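Worksheet: one structure, shown below.
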Amino acid sequence: MSDEPEISEEHAAFLRDLEKTDPKLYRAVAPNEWLPAFWEACLHEAAHAVVMHAYGERIDRVRCKGHEGGVTPHSARSASVTPFHVVVCLLAGVLAEPDGEVLAVANWRDIIDDVLNARRIEQTDYVNSIIIARGELEDSNDADAILAIVLAARARAIDLLQTPQIWAAILGVAQCLRIEEALPGERVHEICAAHVPFGAFND
Ligand SMILES: [Zn+2]
């Protein structure tokens, strides 16, 4: 059973037609489960953006088009946003996906091992989290210390995503991204501010 309202056959036929005649409008109005990969990507980018907003980092642009997406921070970076906050922000993206995998500790160890041995060059959110965590350590090859940082950040990201006003902001940004595909930073902050004051979660 899904929580989505049922769609009549007539409406379904209309949407199928719209998919061919006006793909942009189709993406805006089709039910989320008809566009699972796109909706997942919108939630992912929205979560990065909302956590940045909650930590008080200005955003220039958020986009989500096809398989490409990303959040561009404002060039004037906030001094109060720590590397740990950045790791929380990175992990919030993957955790916000409906089927977002909560990476097991053994998998984290594998990726950390790959990064430490320069075997992994793919710039994923996991890899970037590990690289940032490394930068925080006196001994940047201490795998246990890196693991401790990323797991603490993951726990913080899960806490944030379970905070109702944060999740409401993520849904708001993701819905707009679905329609617009790219949002200017001011628009993102405006949507977020309806739920979460700018910088309110900077602890
Ligand atoms: Zn991401």
Dipole of the chain, positive end: most advanced residue of 82, 35, 112 [Cβ charges, Cα centre]
82
Where the centre of each part is set by its Cα atoms, how far does the range 152-166 sit from the range 85-139, in angstrom?
17 Å
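Counting only other residues whose beta carbon sits under 11 Å from that of residue 43, what net charge do I get with K and R as +1, D and E as -1? Don't skip to the answer; put the middle values down first.
Working: positive: 178; negative: 40, 45, 97, 99.
Computed value for this residue: -3.
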Here the Cα Rg-to-2.2 N^0.38 Å ratio for the range 76-145 is 1.15
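Just the projected area, averaged over all directions, of the convex hull on the alpha carbon atoms of the range 132-198: how many nm²?
Working: hull surface 23.8 nm².
The number I arrive at for the range 132-198 is 6.0 nm².
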Of 141, 73, 44, which is farthest along the charge dipole of the range 33-193 in the positive direction, counting Lys and Arg as +1 and Asp and Glu as -1 at C-beta?
73
The value for the range 84-203 (convex hull of the alpha-carbon atoms, volume per residue, Å³) is 120 Å³
On C-alpha positions alone, give me the angle between the axis of helix 9-21 and the longest principal axis of the chain, in degrees, nearest 10.
70 degrees
Using just the helices of the chain, give the 222 nm mean residue ellipticity in deg cm²/dmol: DSSP H runs with n ≥ 4 each add -39,500 (n - 2.57), and the total is spread over all residues, rounded to 500.
-19000 deg cm²/dmol
Peptides 178-187, 46-55 ordered by average Cβ neighbours within 10 Å, highest first:
46-55, 178-187
What Kirkwood hydrodynamic radius do you get for the range 161-203 when you take the inverse of the mean 1/r over all pairs of distinct Cα atoms, in Å?
10.7 Å
Would you calculate the convex hull of the Cα atoms in the chain and tell me its volume per residue in Å³?
136 Å³
Loop-resident sites, the range 6-113, for GluC sites (Glu not before Pro), counting at most 13 other Cβ within 10 Å (DSSP):
6, 101
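Where a number appears in this text, it was derived from the coordinates with a stated rule and is not lab data. Only a predicted model underlies this, so the values are computations on that prediction, with no experimental measurement involved. Reconstructed Cβ throughout: ideal geometry from the backbone, glycine too, with neighbour counts over all protein chains shown.
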